[in-house]
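Only one structure is covered here, and it is reproduced in the block below.
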Amino acid sequence: MTTAALKLRVEHLDDALGLHVTEPRFSWRLPAGTAEQTAYRIRADNGWDTGRVESAESTLVPYDGPPLHSRQRVEWQVKVWADGTEGDWSAPAVFETGLLDTADWRSEWITPGENPVGAPGNRPATLLRYEFGVAAPVVSARLYATAHGVYEGFLNGERVGDAELAPGFTQYRTTLQVQTYDVTANMRQGSNVLGVILADGWYRGLIGYFRFADQWGDRPALLAQLHLTHADGTETVVGTAPGWRSAQGHVVAADLIEGERWDLRRLPRGWSGTGFDDSTWVAATTDPRGFRELVGSPAPPVRRVQELVPVSVRRLDEHRQVVDFGQNINGWIRLDRLGPAGTKIRLVHGEWLDASGDVTTENLRPMLPGRPEPLAAGQIDEVVSAGTPGDVFEPRRTTHGFQYVRVEGHPEDLTPQDITGVVVHTDLRRTGWFSCSDEQITKLHEAVVWSLRDNACDIPTDCPHRERAGWTGDWQLFVPTAAFLFDVAGFSAKWLRDVAADQWPDGTVANISPAVPGEHLIEEVAWLNGSAGWGDAAVIVPWELYRAYGDTRVMAEAWPTIVRWLDRVERAARTKRHPDRAATRPEPASHEKYLWDTGFHWGEWLVPGEDIDLAAFPKLDRGDLATAFYAHSTRLAGRIAEVLGRDDEARHYRALSEEIRAAWRTEYLGDDGRLTPDTQANHVRALAFDLVPDDLRDAVAARLVELVRAADTHLGTGFLATPYLLPVLADTGHPDVAYELLQQDTAPSWLVMIDRGATTVWEDWNGVSASGEASQSLNHYSKGAVVSFLHRYVAGIELPDDAPGYRHFRIQPRPGGGLTWADAAHESPYGRIESAWSLEGGELHLRVTVPPGTTATVILPSGRHETRGPGTHRFVDTTPAWRDCVPVAGRP
Ligand code: RAM
């Protein structure tokens, strides 16, 4: 058995190439069975050696060696002392820094010689090329590249790397990501060509619900620098500079929202290789753009992660065929059969079929105030065939949210071999799994996993089509679930930088990050920012990342944003009153300075059956909800401050949170435990955010159950309270009701989605009506946060607040709902946690796996508590507690 540490990692990356952090953090896994690390030693080939450090830390240990410089490749190893023995040195791991300083950039920005023009959403991509000679053999080559737009690079005709939609999406005003590629294998002595396809992307293409364009600039641009290291240690540097050539080619239009169009007759074949005649091309223009905001990404890139074979291809008529991929995805198709020269094929991507069996995109069209007709849905690709054998259409400057594609104009009958669904998203590492004896519940879990995958496109989006926007509220409420399912640490940390960059001077957190520049200046929408439950993402997301990964730096970095957000809320609460409250109570009561009852709030959002009256909606008094978030976020800020050693601020926020709690009770809680408003959501929040005193919790929970029963055992929550609904029921002694809601199969419910054929989670509870008609997005993960109940309650893997990264955790399965078995696993920073139980012959059999360096408290239904260390443990519980969990009708 090995005594060496394993799975060495730098920051939250599997592949730490082009790092921009000068004090990177190191993590490793302890050898199997290790109970406790007592010391470690890290040594690196740049002279850094920690010596023996007495410490149990094995995750995110900060670098403390000689200052790192640009393009430095460092090999490092770790050795651990554990359980009384000195381990072996680990296998070496490597990280490499990128171009850290502006001065490292010897290249210049270039723009196409002719700025690609056209209506926004309809502009061509540009081909750029540069031919250069390499005199001496190359032992190592790195390409550093970024763009204003999206780019795809080629070296000598070969695709560079596997990142898609590079450089990714950030708040370009402050930050632009640079990709680093190891291109050693692509280089040759003699003539070489660097070719790039450059399209509008987020930078100047259509963006968001309102379809703004040219938001960061009106000319796409490219910045690239190639460093070649020769055998004798000398370096050749080649980059974007005068001498590059540009032309428009086969990509006649490319846009993230609208889609992509190719005319393969216009493809200058061989353009990215040597020996191509570019004399008809024009010179690219150098352009003096800034360098100050160039960074590496803390997240893995967007990639092509999976391919799907259609489950069916059906011809509707002479003109139209419908392809069904059996799964709602984010990505594109690859079409291998393009027909004779001049054939024009149109591909319309949608999530659902209409009554005639044709693809519909009606549900994805944004309705703008003051416009009689909704905007077009976009998501349409087109290709004109050149009739050249081997040609393939694969649009890579757009992605679509779709399960179905209508293929128009293809003269031949397509087979499933001719068209492939390509799943494209941030290549997050999967870390969470769940399945159980109820197949529909397992399917629901899979649908949630897909909705997360489909909405991780360099930023967490609300949906992969209609808006593709980084709505703060959505990520806030989903991030705990996401962090169980995938490693979203770097992905979220990256996005939080956009949230910080987008914060207004008055502390307002934007609805959406990266925010579209100018959006907050547009009167129509500016006042919509700063909503409770959305802006609170600034506090909740860093806290949840700390819990799941033990990352304190992400909280430290977010701290100024947190403070400014809470200051803004504090000011609003102290100085403003809702007109309705002022009317009924002309003299403000003393507790009102802690009530946040003004400003615009999205509210609970998309409550089943709720009709939104657009005129009244913005004026509603949301004091109960907003004050609840105010209490919750200040409490979390107190905890964050405590971890960061900001003791005064910790005291301040703790005390403030208590005042807000008291004010909330005065205003919204009766002596008898009655809450105003008397909604499910308000009761859920009151319990989840610990707003009611202990002696009234039972009464509040009992009323919540009454409300659920009054709705014939249906939920009545929208976006914000849904994640907490089942957990609070289970925590207050009503796990049976939680299970009934989970397994409810009449609307509104989660299983209605599955029963009606959903493979992703709908935005609206009634996303597809009983008659089969789709409305709104069918791919919003928000309501999918319910699967957290499966992880934390059904399988019972619970992460306490005081043991970040699952250093210690609880396993407390709550069998119920007629389930006969459940099985969950989570790949934690310390290793794999498992909880699997089954009911056999009147007994509960539980198998628990505890990773090295951690402990788990196992709580059985009988109430028996046991603390266990690393390894796999089996338990049998013969308590009758769960014996009444007889299967409900129609369920296993
Ligand atoms: C919708 C978005 C998002 C939600 C906002 C309030 O337009 O899709 O999910 O956060 O509204």
| Counting residues that are under 30 Å from I257 (Cβ atoms), which strands (runs of 3 or more DSSP E) fully inside segment 87-141 reach at least 1? | 109-111, 126-134
| message | Given the criteria of a type in the set (D, E) and either in the same structural domain as A483 (by TED's automatic domain parsing) or in contact with a Lys or Arg (Cβ under 9 Å, 6 or more places away or on another chain) (or both), does D413 qualify? | response | yes
| message | Looking at R159, R188 in this structure, which one is closer than 20 Å to V424 by Cα, more than 16 Å from the ligand (Cβ to nearest atom) and open to solvent by 10 Å² or more (accessible area, probe 1.4 Å)? | response | R159
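If we only count helices (runs of 4 or more DSSP H) wholly inside segment 500-609, which ones have 2 or more residues that are at pLDDT 95 or above and within 15 Å of the ligand (Cβ to nearest atom)?
Because the criterion is at least 2 residues that are at pLDDT 95 or above and within 15 Å of the ligand (Cβ to nearest atom), the helices (runs of 4 or more DSSP H) in segment 500-609 that meet it are 537-549.
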| query | Name the pairs whose Cβ atoms lie under 7 Å apart, with the first residue in segment 593-615 and open to solvent by less than 60 Å² (accessible area, probe 1.4 Å) and of a type in the set (V, I, T), the second in a loop (DSSP other than H, G, I, E, B) and within 13 Å of the ligand (Cβ to nearest atom), and 6 or more positions between them or separate chains? | reply | V607/G718
| How many residues does segment 9-58 hold that are over 23 Å from V295 (Cα atoms) and assigned to a strand (DSSP E or B)? | 13
| task | Check whether at least one residue in segment 838-849 is touching a His at 6+ places or on another chain (Cβ under 6 Å), open to solvent by 60 Å² or more (accessible area, probe 1.4 Å) and not acidic (D, E), and report yes or no. | result | no
| query | How many residues does segment 488-520 contain that are touching a helix residue (DSSP H, G or I) at 6+ places or on another chain (Cβ under 8 Å) and either under 15 Å from T426 (Cβ atoms) or not small (G, A, S) (or both)? | reply | 18
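Just the residues that are within 14 Å of the ligand (Cβ to nearest atom) and within 19 Å of L725 (Cβ to Cβ), please, taken from segment 755-783.
V761, W762, E763, D764, W765, G767, H780, Y781, S782, K783
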| query | So which of G350, G331, G273 ends up being assigned by TED's automatic domain parsing to the domain that holds G121 and either surrounded by 18 or more Cβ atoms within 10 Å (Cβ to Cβ) or not aliphatic (A, V, I, L, M) (or both)? | reply | G273
| request: Answer yes or no as to whether W543 is aromatic (F, W, Y), within 30 Å of P829 (Cβ to Cβ) and touching a residue at least 12 places away in the same chain (Cβ under 8 Å). | output: yes
| note | Looking across segment 761-779 at residues that are more than 13 Å from W750 (Cβ to Cβ) and in contact with a Phe, Trp or Tyr (Cβ under 6 Å, 6 or more places away or on another chain), the single one that is surrounded by the fewest Cβ atoms within 10 Å (Cβ to Cβ) is A774
| said: Looking at segment 714-737, I want the residues that are over 19 Å from H445 (Cα atoms) and open to solvent by 20 Å² or more (accessible area, probe 1.4 Å) and have a partner that is β-branched (V, I, T) and away from the ligand (no atom under 16 Å from the Cβ) with Cβ atoms under 6 Å, at least 6 apart or on another chain. Which pairs are those? | reply: H734/V705
| query | Can you spot a residue in segment 155-167 that is in a loop (DSSP other than H, G, I, E, B), over 26 Å from the mean Cα position of the chain (by Cα) and in the same structural domain as D232 (by TED's automatic domain parsing)? | reply | yes
| query | If you take the residues in segment 430-463 that are part of a loop (DSSP other than H, G, I, E, B), more than 11 Å from the ligand (Cβ to nearest atom) and at negative phi, which one is surrounded by the most Cβ atoms within 10 Å (Cβ to Cβ)? | reply | D438
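The values are calculated or read from the model by the stated rules, or taken from the named source; none is laboratory data. Owing to the predicted nature of the structure, the values given are computational and were not obtained by experimental measurement. Neighbour counts are summed over all protein chains in view; Cβ atoms, including those assigned to glycine, are modelled from backbone coordinates with ideal geometry. Note: areas computed on protein heavy atoms with side chains; ligands, DNA, RNA excluded. Shrake-Rupley method; radii C 1.70, N 1.55, O 1.52, S 1.80 Å.
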